[in-house]
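The values are calculated or read from the model by the stated rules, or taken from the named source; none is laboratory data. These numbers come from a predicted model, not from an experiment. Counting neighbours? That spans all protein chains shown, and the Cβs are built from the backbone with ideal geometry, glycine included. We work out accessible area using only protein heavy atoms, side chains counted, and drop any ligands, DNA or RNA first. Shrake-Rupley method; radii C 1.70, N 1.55, O 1.52, S 1.80 Å.
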Amino acid sequence: MKIAVFGLGYVGIVSAACLARDGHQVIGVDPQPTKVDLVNGGQPPIIEKNVGEMVAEAVKTGALRATTSAAEAVAFADLSLVCVGTPSRKNGSLETGAVERVCEEIGAAVGAKGRDHLVVIRSTILPGTMRGVVIPALTGAAGDGAKHLKVANNPEFLRESTAVYDYDNPPKTVVGSDDPDTAQAVLSLYADLPGPKIATKLEIGEMVKYADNAWHAVKVSFANEIGNIAQAVGVDSWDVMDIFCQDTKLNISPYYMKPGFAFGGSCLPKDVRALTFKGRDLDLDLPLLNSVLSTNAEQVERAIEMVADYGLRNISFMGISFKAGTDDLRESPLVTLVERLIGKGFNLKIYDRNVHLSRLLGANRAYIEGAIPHIAEILSDDLDTVLGHGDLVIVGNPAPEFKFIGAKVRADQKVLDLARISGLGAELGERYRGINW
C-alpha cells in the first residue's frame, strides 16, 4: 500500500520505518525541513533503537522518502497516517491544533485529487475529537471531495526506547471507525503482527489509549504508595509486590476491571480505612489510597442522582446484599443507597432471596438494623410482589434470577441496572439504563 505518514516524531518515524520494512511504499510529511532532509539522507530525526538502520535501509531501497508538502504526499498515497503531537496546554486540556491543521491540508488535497483516501488518526486524542475536530476539518477542506474520505482512529501503544519492539509485539491492535470495511482495511496493515485485532466504534478507539495510560499511571502510583508504607514499617516493598504480582486470578487480571457500582462488604472498605489510617499515623501523604473511599462514595451519589432524574417515587429494589449469593449486608453500598433514597422520600420495596431478617445474626443483623431500622416493613421474599410495586426497578446485584427480569417488568416500568446484567439492555431498549451505560 502507498502510505503517507504525517509527523516525523517518535510515533511517526517509527511507524514509517516499520511500514516501509514490511513492504509498503511510504512518504513521510513534516513541516520542518531539517527532519525531512535527515530522512531523505537516510538518517532518523530521533534516537531510538533500530530505527536508524531501518530508515537507512528503507531510503536506500526507495521504500521511504520525505517531503514538506501535504499535497504531494496525498496525491501519492492511498492512506494518510496522522502522527502529529497533541501536547498539554497550561490548564491540562489537549492541544489539537496540529491535528486540525494537518487534517485541513489532507482534506484540501483529497478534494483536489478526487479519489478515495483513507485518513487514520494515530495521534492520541480524547473521545469526541474525531467527530468534533478531525472529521469537520477534513470534510470542510475537501468540499465536494468529502465523499472520497474515509476515516478511522488507530491508537498506538509504543514506548520510547522500545518502540520498534512494541510495534512488532503489540498487546492489541485497535481501530475505531463507523465503517467496518474501513476498520478492516486499517487492520490489514498489521495482519502479520501478534495480539488481538479489534475493530470498534470511533469513540471507543479514542478512549482506549487514555484508559491504558491512566491505568499505567495508577499502577506506578499505587506501587509507590504501598512501597512508602512498607518502608516506613520496615518491610521490603519489592518482596511484597513480587508476591502481589504472582496473583493473576484477582490482582493482575481482568477481575474488578468492569465499570459498575461501588464496592462494599466486610473487607475492602475496612482494610482500605486501616491502611490509610496507618499512613496518617506514619505521617505519610498517600493521595491515591486516601481517595479510594471517597471515589467509591461518589458512585453512590451518582446512582442517587440517576434515580432522582427519573422523577419516579415508587421503587422496586432487587438485591441489597453487597454481592449476589450472600446475605452479608455489612457496608453494602446498596444498603447505603436504600437508606439515602428512603431519606429522600422514595417509596421502596426490596427483594433479596438470600436476605431474611430471621436468619441474620450478630454484626450483620446489627448493621442492617442500625442502617435501616424499619427494613422489615419493606423487605419481601416475593419477587413478583416487589417487582409490581415500583415504577422504577433498580437491579442492585447480579443474582441469577435477575437475568430474566426483562420478561417480567411492565411496559410502563423503567429499569436502572447497577449490576450490568448481560443482555438486559438489549431486551428492554429505551426503558433500560445502566450505571456506566
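If I model a spin label as a point 7 Å beyond the Cα along the Cα-Cβ vector, how far apart are those points for ILE342 and SER221 in nm?
Those two pseudo-labels are separated by 3.6 nm.
Considering only DSSP states other than H, G, I, E and B, which GluC sites (Glu not before Pro) in the stretch 148-231 qualify as loop sites with at most 16 other Cβ atoms within 10 Å? Working shown, then result.
Details: sites: GLU156, GLU160, GLU203, GLU206, GLU225; in loops: GLU156, GLU160.
For GluC sites (Glu not before Pro) across the stretch 148-231 that sit outside H, G, I, E and B with at most 16 neighbouring Cβ atoms in 10 Å, the list reads GLU160.
Please tell me the relative contact order of the chain in percent, rounded to the nearest whole number, where contacts are Cα pairs under 8 Å and at least six residues apart.
On the way: 760 pairs, mean separation 38.8, N = 437.
Computed over the chain, the figure is 9 percent.
Taking only protein heavy atoms into account and a 1.4 Å probe, give the accessible area per residue of the stretch 1-111 in Å².
Values: 4750 Å² over 111 residues.
Using a 1.4 Å probe on heavy atoms only, each residue of the stretch 1-111 averages 43 Å².
Mean projection of the alpha-carbon convex hull of the stretch 16-71 over all orientations, in nm²?
Details: hull surface 13.9 nm².
For the stretch 16-71, averaging the hull's shadow over all directions gives 3.5 nm².
Taking only C-alpha pairs under 8 Å that are 6+ residues apart, what is the relative contact order of the stretch 266-349 in percent?
Details: 54 pairs, mean separation 22.9, N = 84.
Worked out over the stretch 266-349, it gives 27 percent.
Got a sec? Which residues in the stretch 182-221 would a label at SER291 touch, if it sits 7 Å along Cα→Cβ and we count backbone N under 17 Å?
210-221
What 222 nm value per residue comes from the helices of the chain, counting each DSSP H run with n ≥ 4 as -39,500 (n - 2.57) and dividing by all residues, nearest 500 deg cm²/dmol?
-13500 deg cm²/dmol
Averaged over every viewing direction, what's the projected area of the C-alpha convex hull for the stretch 215-336? Give it in nm², one decimal, please. Before the final figure, lay out the partial values.
Values: hull surface 37.4 nm².
For the stretch 215-336, averaging the hull's shadow over all directions gives 9.4 nm².
Would you kindly state how much longer the chain becomes between ASN436 and LEU284 on full extension, computed as 0.36 nm times their sequence separation minus their alpha carbon distance, in nm to one decimal? Could you put the intermediate results ahead of the total?
Working: separation 152, 0.36 × 152 = 54.72 nm, distance 3.35 nm.
Once the chain is fully extended between ASN436 and LEU284, it gains 51.4 nm.
Over what distance in Å are the Cα centres of the stretch 191-259 and the stretch 322-337 separated?
Centre-to-centre (Cα) distance: 27 Å.
Rolling a 1.4 Å sphere over the protein heavy atoms, what is the accessible area per residue of the stretch 142-285, to the nearest Å²? Working shown, then result.
Details: 8680 Å² over 144 residues.
It amounts to 60 Å² per residue over the stretch 142-285.
What is the ratio of the Cα radius of gyration of the stretch 146-266 to 2.2 N^0.38 Å, with N the residue count, to two decimals? Please list the in-between numbers first.
Values: Rg = 19.1 Å, N = 121, 2.2 N^0.38 = 13.6 Å.
Scaled against compact globular proteins, the figure is 1.40.
Report, in whole Å, the centroid distance computed from the Cα atoms of the stretch 62-128 and the stretch 145-185.
One Cα centre to the other: 14 Å.
Of all beta bridges DSSP finds with both residues in the chain, what is the antiparallel percent, to the nearest 5?
Values: 2 of 46 bridges.
Once the DSSP bridges in the chain are tallied, antiparallel ones form about 5 percent.
In terms of Cα to Cα distance under 20 Å, which lysines are near enough to LYS408, apart from those fewer than 8 places away along the same chain?
Excluding near neighbours in sequence, the set is LYS349.
Once you place label points 7 Å from the Cα toward the Cβ at LYS60 and ASP178, how far apart are they in nm?
The answer from the label model is 4.6 nm.
Carbon and sulfur: what percent of the chain's accessible surface (1.4 Å probe)? Kindly include the intermediate steps, with their values, before the conclusion.
Numbers: 11630 of 21670 Å².
Taking all protein chains in place, the chain shows 54 percent carbon and sulfur surface.
Relative contact order for the stretch 1-147 using alpha-carbon pairs under 8 Å, separation at least 6, rounded to a whole percent? Can you show the working numbers first?
Working: 292 pairs, mean separation 34.5, N = 147.
With pairs under 8 Å counted, the relative contact order is 23 percent.
Quote the accessible area belonging to MET207 in square angstrom, nearest 10, computed with a 1.4 Å probe and with ligands, DNA and RNA left uncounted.
100
May I ask you to give the solvent-accessible area per residue for the stretch 313-359, in square angstrom, as obtained with a 1.4 angstrom probe? Walk me through the intermediate numbers first.
Details: 1920 Å² over 47 residues.
Roughly 41 Å² per residue, with all protein chains present.
Pairs to check: LYS60/LYS113; LYS60/LYS90; LYS35/LYS113; LYS249/LYS403; LYS90/LYS147; LYS201/LYS270. Give those whose C-alpha atoms are more than 32 Å from each other in this structure. Walk me through the intermediate numbers first.
Numbers: LYS60/LYS113 29 Å; LYS60/LYS90 42 Å; LYS35/LYS113 26 Å; LYS249/LYS403 25 Å; LYS90/LYS147 37 Å; LYS201/LYS270 39 Å.
Pairs exceeding 32 Å: LYS60/LYS90; LYS90/LYS147; LYS201/LYS270.
Which of the trypsin sites (Lys or Arg not before Pro) found in the stretch 77-177 are loop residues per DSSP with 16 or fewer other Cβ atoms within 10 Å of their Cβ? Don't skip to the end; give the middle numbers.
Values: sites: ARG89, LYS90, ARG101, LYS113, ARG115, ARG122, ARG131, LYS147, LYS150, ARG159, LYS172; in loops: ARG89, LYS90, ARG115, ARG122, ARG159, LYS172.
Hits after loop and neighbour filter: ARG89, LYS90, ARG115, ARG159, LYS172.
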